Amino acid sequence: MSKEMTPVRMGVLGLGRAFTLMVPTLSGDRRIQLVAGFDPNAAVTSTFAREFGGVAHVSAESLCADPNVEWIYIATPHQLHEEHVSLAAKHGKHVLVEKPMALSLAECSRMQLACKQAGTHLIVGHSHSFNAPVLHARRLIESGRYGRICMVHAMNFTDFLYRPRRPEELDTSQGGGVVFSQAAHQIDIVRMLGGGDVASVYARTGRWDQNRPTEGAYSAILNFESGAFASVTYNGYGYYDTDAQMGWIGEMGKPKAPNTHQMTRQRLRLVLDEAAEATQKARRNFGGNDYVPDTGTRPSAFQHFGPVIASCERADLRLTPSGVEVHDIDGVRLDAIKVPSVPRSEVVDELWSVARYGAPPMHSAFWSTATMEVCLAILESSHTGEAIILGHQDSAPVIRP
């Protein structure tokens, strides 16, 4: 079998929530072969080996040293990303690391350096800027058909802060809160649509629940070097649900009950302490008692990150779970996109093009460091009350067919 037809042999480092959400993709796409896994929870690692036939490793070091592992999906907590990317690079392994890339620009720089010195690839994701409707909207903007991009508006109201959390997920210094975990999605999307290079950020954040002592909301204005600008808003306090504007298709591309947020808050009332909450989260994840495997049902819609509208000189482009809605002088039409049989297959599309055809990654270390700079600027601007001037930005990549 030629290299172009050989599945990518992937090891997974961290079998928690991020991996749980990626299981349907990594196990369902024939371009990926899961060959090894490690998690500090030995029982979960054993379940991985039993489920996928891969090697159950006893440490991150042993997984990275495994000669059968070609790429490593790093899905460990945010604060461990730098350590684990550097470990993978030391062993000559290519990396797909979960968002956010890291918790500081210094960490991002060291990760870039480690992979450069090792000659290994680094892709950062999954962020929702991988989603096909986002990439299609970017292609429409690149075509020039509707003139230059002028403005992007993105908003998302979710129940993020009241889903089961470990203590560090409510501690901003350890990467907790919506800016690190959720802005990494939203900023990636608006940068992809707006052209990439953000000149300045002015923002406010909200901490409105003393029992969840981290940022649960933010709003920001991003000014691009091109003169375009974006407004981004996120609210994770679990009352209004912007999925009402997405035809009640949830973030994961599946139908969603209108009372989901209220049910999330009500379930949290029954949790007695931090330990019980952490246990509740672990039970939902891969290998946990409450884990429900994907049924293999073909998705009917794309995943999304709430309402997004990109305004060009001659059209507004509204992203939907089924494609891009174009509003122009001739009226309204939907550029529908065929939904793939495997959810999030766009992530594997990019990894495959890098691993098997040598293409440069779109969600590269440089691109993701720039997104991280914007996220950090949101926190800094809210603290100082001033606009933050940026200096580590990267232009949006050309979107290949």
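What the table shows:
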| read-out | value |
| --- | --- |
| Count of segment 153-178 residues which are closer than 26 Å to Gly194 by Cα, touching a Ser or Thr at 6+ places or on another chain (Cβ under 7 Å) and not small (Gly, Ala, Ser) | 4 |
| Any hit, segment 12-21, residues being free of Cβ contacts under 8 Å to residues at least 40 places away in the same chain and either out of contact with any Lys or Arg (no Cβ under 7 Å at 6 or more places or on another chain) or closer than 14 Å to Gly287 by Cβ (or both) | no |
| When residues of segment 14-40 are limited to those that are within 24 Å of Ser181 (Cβ to Cβ) and in a loop (DSSP other than H, G, I, E, B), the one farthest from the chain's Cα centre (by Cα) | Pro40 |
| Test: Trp248 is of a type in the set (Phe, Trp, Tyr) and under 25 Å from Leu170 (Cβ atoms) | no |
| Selection from segment 222-260 of residues that are under 13 Å from Thr158 (Cα atoms) and in contact with a Leu (Cβ under 8 Å, 6 or more places away or on another chain) | Gly236, Tyr237, Gly238, Met252 |
| Among (1) under 18 Å from the mean Cα position of the chain (by Cα); (2) over 30 Å from Lys338 (Cβ atoms); (3) buried (at least 24 other Cβ atoms within 10 Å of the Cβ), the one test that Gly175 misses | (3) |
| Gly236 being closer than 30 Å to Glu373 by Cβ, touching a Ser or Thr at 6+ places or on another chain (Cβ under 8 Å) and of a type outside the set (Ser, Thr, Tyr) | yes |
| Hits in segment 29-43 - residues which are in contact (Cβ under 8 Å) with a residue 40 or more places away in the chain, aliphatic (A, V, I, L, M) and under 24 Å from Trp352 (Cβ atoms) | Ile32 |
| Subset of segment 50-77 (residues that are under 27 Å from Gly176 (Cα atoms), assigned to a helix (DSSP H, G or I) and small (Gly, Ala, Ser)) | Ala60 |
| Residue within segment 41-48 that is part of a helix (DSSP H, G or I) and under 18 Å from the mean Cα position of the chain (by Cα) present | no |
| Long-range neighbours under 8 Å by Cβ, at least six apart or interchain, first residue in the same structural domain as His327 (by TED's automatic domain parsing) within segment 136-148, second among the aromatic types (Phe, Trp, Tyr) and at pLDDT 95 or above | Leu140/Tyr146 |
| Top-ranked residue in segment 252-274 [being in a loop (DSSP other than H, G, I, E, B) and not hydrophobic (A, V, I, L, M, F, W, C); ranked as modelled with the lowest pLDDT] | Asp273 |
| One residue from Ala278, Ala230, Ala217, Ala203 being over 20 Å from the mean Cα position of the chain (by Cα), at pLDDT 95 or above and of a type in the set (A, V, I, L, M) | Ala203 |
| Matching residues in segment 283-301 - criterion: being within 13 Å of Pro164 (Cα to Cα) and buried (at least 19 other Cβ atoms within 10 Å of the Cβ) | Asn285 |
| Tally, over segment 179-224, of residues that are of a type outside the set (A, V, I, L, M, F, W, C) and either touching a Ser or Thr at 6+ places or on another chain (Cβ under 6 Å) or farther than 27 Å from Pro167 by Cβ (or both) | 16 |
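The values are calculated or read from the model by the stated rules, or taken from the named source; none is laboratory data. All figures in this text were calculated on a predicted structure; none of them were measured in a lab. Backbone-built Cβ (ideal geometry, glycine too); neighbour counts: all protein chains shown.
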